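Beneath this line is the structure, given in structure tokens, with notes to follow.
The values are calculated or read from the model by the stated rules, or taken from the named source; none is laboratory data. If you're wondering where the values come from, they're calculated on a predicted model, not measured in any experiment. Cβ placement follows ideal geometry from the backbone for every residue including glycine, while neighbour counts extend to all protein chains displayed. Note: accessible area is taken over every heavy atom of the protein model, side chains too, but ligands, DNA and RNA are not part of it. Shrake-Rupley method; radii C 1.70, N 1.55, O 1.52, S 1.80 Å.
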Amino acid sequence: MTLSSIPLATADLQIAAGGRRNSTLLCSPVMGESVDQMLSQIRKAKEQGADLVEVRLDFLKNFSPKQDLEILLKQSPLPTLVTYRPKWEGGQYEGDDSRRLDTLRLALESGADYVDVELQVAHEFFSSIHGKKPEKVKIIVSSHNYENTPSSEELGNLVARIQATGADIVKIATTALDISDCARIFQVLAHSQVPTIAIAMEERGLISRILAPKFGGFLTFGAIEAGVVSAPGQPSIKDLLDLYNLRQIGPDTKVHGVIGKPIGHSKSPHLYNAAFKSVNFNGIYLPLLVDSVANFVNAYSSPDFVGYSYTIPHKEDGLRCCDEVDPIAKAIGAISQMIRRPTDGKLIGYNVDYLGAIAAIEEALRASNGASPTTGSPLAGKLFVVIGAGGAGKALAYGGMEKGARVVVANRTYEKAKELASKVGGQAITLAELEDFHPEDGMVLANTTSVGMKPNVDLTPLSKNALSRYCLVFDAIYTPKLTRLLREAQECGAIPVYGTEMFINQAFVQFERFTGYPAPKQLIRDTLAKNT
Ligand code: NAP
């Protein structure tokens, strides 16, 4: 079956019937070492929802062009893009280039739907076919840059050079050294006059692959198996379709995401994308691996980049990049959410971390005391020990102060503990002092450091011996849900309060601010439970 065998109008109808907001194709690279492996991968790609496959001939061992191409192209249940990538352009083929180009010509005549030719040999290839090719076959002229993403001007020149070869489709793949590089890739797509594939490779380029449909990219690549990729940073078909709802992304889709470094572990894209979908909100939520918040907000200043959650280590930098900051976030000195105000495009910072954590702690204390939610805060008058003085530490310390608790801050960098304690009218101690800190029984402990977070699940910020002095222990970490600290606290008789509760409570608030809709609370709880 071929894409071009479907009349365009029918193809459009199918897209509309399938509820797609874009016509960007999802292409899965197949890299089998034998024809049988290739065909089995093509079948898997089809099952998973790919629109076409890129047959990477350079991965075949003992390749007999005439015989193997005939089988592959005739038996493929999906349209085919044939690529025979040489070593000098990042592929596997090391042989003679004229033999390689002969094979590409053969693919052209043997039923391929698309043939990829590298820019460096495009003129030679086009003159060798004397303008003759089956009408249905489209030639993609490609350029790969494994070093960086050039300036907008250089990219513009590159696109013009590719177009000048007579390419039906332009392809440029660059390397993202910073997430802001993807903005130049989006510019290329937005301004292109011919069908264009433009992608920035590597983890920092991920958003260029996911947002290709928003900017009119001709296709984007998705791997059959997560991690088994033909180029660095390629997401899986499954993630593109199920996690990022690729088919629903349109030119007017609003972009959101979580800004952090690292960010690959974040569960937030699972939560928010599922929640957006459940209320039919035309938005996407991405993991944003950001090195510099200032570079990021400068590069993505268009009205469609509307809202972000902030996580380690950018909550404080995020605050510095806001046009306005809400008073609580200002007092805490860190933001956990940034929204672009639709009326004037200004970036407004909020801190919602403390709301989630404090509510979860209060609820657990009330449940243990049998107190009703109408009496004052059960934290009032309690000795409230916060380990950590970063973004989450500040949120918890301010939250505790607001509820009338007596706050104690312990931190690895003692100076920071002192600074925070003085702001909340509390006491600062060192981590060593915390081990023997026992002025009274029934204290409440909140860990806000990342000690014990995946993958370092065997670590804990406070020894088990010290835990028996606390009636309740909260851990901000939510991967894993049951940290070593919480397990040992439970063994000592303290009430454990999970970081997931903080996460869920603040997710409700963030969702409502992103969308204007009430949060689908059960769906958010279920999605988080499925993904932790
Ligand atoms: P942050 O601003 O970078 O602060 C990190 C804190 O951890 C600092 O106080 C730091 O001490 C301390 N720390 C880091 N490594 C340490 C180590 N090896 N030993 C002792 N202390 C160490 O990060 P954050 O945004 O506050 O986040 C902290 C944790 O809270 C993370 O695990 C994050 O996932 C979690 N969190 C959870 C939620 C939720 O919804 N559940 C929300 C926000 C954050 P120094 O000052 O000495 O560097």
(request) Could you grab me the full set of residues in the stretch 309-346 that are in contact with a Gly (Cβ under 8 Å, 6 or more places away or on another chain), of a type in the set (S, T, N, Q) and part of a loop (DSSP other than H, G, I, E, B)? (result) T311, S336
(message) On the basis of being more than 30 Å from D344 (Cβ to Cβ) and buried (at least 19 other Cβ atoms within 10 Å of the Cβ), does A223 make the cut?
(response) yes
(message) I'd like the full set of residues that are within 13 Å of the ligand (Cβ to nearest atom), farther than 19 Å from H314 by Cα and not in a strand (DSSP E or B), limited to the stretch 399-411.
(response) G399
(request) Within the stretch 347-361, track down each residue that is outside any helix (DSSP H, G or I) and either within 16 Å of the ligand (Cβ to nearest atom) or without any contact (Cβ under 8 Å) to a residue 40 or more places away in the chain (or both). (result) I348, G349, Y350, N351, V352
(message) Looking for something in contact with a Ser or Thr (Cβ under 8 Å, 6 or more places away or on another chain) and at pLDDT below 95 - is there at least one such residue anywhere in the stretch 236-244?
(response) no
(request) Please find, among D102, D58, D116, the residue that is charged (D, E, K, R), out of contact with any strand residue (DSSP E or B) (no Cβ under 7 Å at 6 or more places or on another chain) and closer than 30 Å to E147 by Cα. (result) D102
(request) Would you mind telling me which numbered condition in (1) at pLDDT below 95; (2) more than 12 Å from the ligand (Cβ to nearest atom); (3) within 16 Å of N505 (Cβ to Cβ) N369 fails? (result) (3)
(request) Could you please find all residues in the stretch 282-296 being in contact with a Gly (Cβ under 9 Å, 6 or more places away or on another chain) and away from the ligand (no atom under 16 Å from the Cβ)? (result) N282, G283, I284, L286
(request) Would you check which residues across the stretch 269-280 are crowded, with 22+ Cβ neighbours inside 10 Å and either under 9 Å from the mean Cα position of the chain (by Cα) or of a type in the set (A, V, I, L, M) (or both) and list them? (result) P269, L271, A275
(message) Can you say whether A364 is part of a helix (DSSP H, G or I), more than 24 Å from P262 (Cβ to Cβ) and not hydroxyl-bearing (S, T, Y), as far as the supplied structure shows?
(response) yes
(message) Restricting to the stretch 303-332, count the residues that are surrounded by fewer than 24 Cβ atoms within 10 Å (Cβ to Cβ) and more than 19 Å from the chain's Cα centre (by Cα).
(response) 15
(request) Select from the stretch 523-532 the residues that are open to solvent by 40 Å² or more (accessible area, probe 1.4 Å) and either touching a residue at least 40 places away in the same chain (Cβ under 8 Å) or away from the ligand (no atom under 15 Å from the Cβ) (or both) and list them in ascending order. (result) L523, D526, K530, N531, T532
(request) Look through I179, I129, I185, I172 and report the one residue that is surrounded by fewer than 21 Cβ atoms within 10 Å (Cβ to Cβ) and among the β-branched types (V, I, T). (result) I129
(request) State whether one or more residues within the stretch 390-398 are within 12 Å of the ligand (Cβ to nearest atom), in a loop (DSSP other than H, G, I, E, B) and modelled with pLDDT under 95. (result) yes
(request) Run E440 past the list (1) free of Cβ contacts under 8 Å to residues at least 60 places away in the same chain; (2) buried (at least 20 other Cβ atoms within 10 Å of the Cβ) and report the number of the one that doesn't hold. (result) (2)
(message) I'm checking my understanding of the structure. Among residues of the stretch 344-356 that are within 20 Å of P327 (Cβ to Cβ) and at pLDDT 95 or above, which one is surrounded by the most Cβ atoms within 10 Å (Cβ to Cβ)?
(response) G349
(request) Mind listing just one residue for me: the one in the stretch 366-414 that is over 33 Å from the mean Cα position of the chain (by Cα) and among the charged types (D, E, K, R) and, of those, surrounded by the most Cβ atoms within 10 Å (Cβ to Cβ)? (result) K382
(message) Just checking, does the stretch 467-477 include any residue being more than 33 Å from the chain's Cα centre (by Cα), in a helix (DSSP H, G or I) and within 21 Å of G393 (Cα to Cα)?
(response) yes
(message) If a residue must be among the β-branched types (V, I, T), near the ligand (Cβ under 8 Å from one of its atoms) and open to solvent by less than 40 Å² (accessible area, probe 1.4 Å), how many such residues does the stretch 446-479 contain?
(response) 4
(message) For the stretch 506-522, give me each residue that is within 15 Å of the ligand (Cβ to nearest atom) and either crowded, with 22+ Cβ neighbours inside 10 Å or not in a helix (DSSP H, G or I) (or both).
(response) Q506, A507, Q510, F511, A519
(request) Of the numbered conditions (1) touching a residue at least 12 places away in the same chain (Cβ under 8 Å); (2) more than 27 Å from the chain's Cα centre (by Cα); (3) more than 9 Å from the ligand (Cβ to nearest atom), K418 fails exactly one; give the number of that condition. (result) (1)
(request) Considering each residue of the stretch 228-244, count those that are over 18 Å from Y285 (Cβ atoms) and touching a strand residue (DSSP E or B) at 6+ places or on another chain (Cβ under 8 Å), and give that number. (result) 7
(request) Taking the residues in the stretch 333-343 that are more than 16 Å from the ligand (Cβ to nearest atom) and not hydroxyl-bearing (S, T, Y) as candidates, determine which candidate is surrounded by the fewest Cβ atoms within 10 Å (Cβ to Cβ). (result) P342
(request) Please work out if T483 is among the polar types (S, T, N, Q), more than 20 Å from the chain's Cα centre (by Cα) and within 11 Å of the ligand (Cβ to nearest atom). (result) yes
(request) Take the residues in the stretch 245-268 that are out of contact with any strand residue (DSSP E or B) (no Cβ under 9 Å at 6 or more places or on another chain) and modelled with pLDDT of 95 or more, then tell me which one is surrounded by the fewest Cβ atoms within 10 Å (Cβ to Cβ). (result) D252
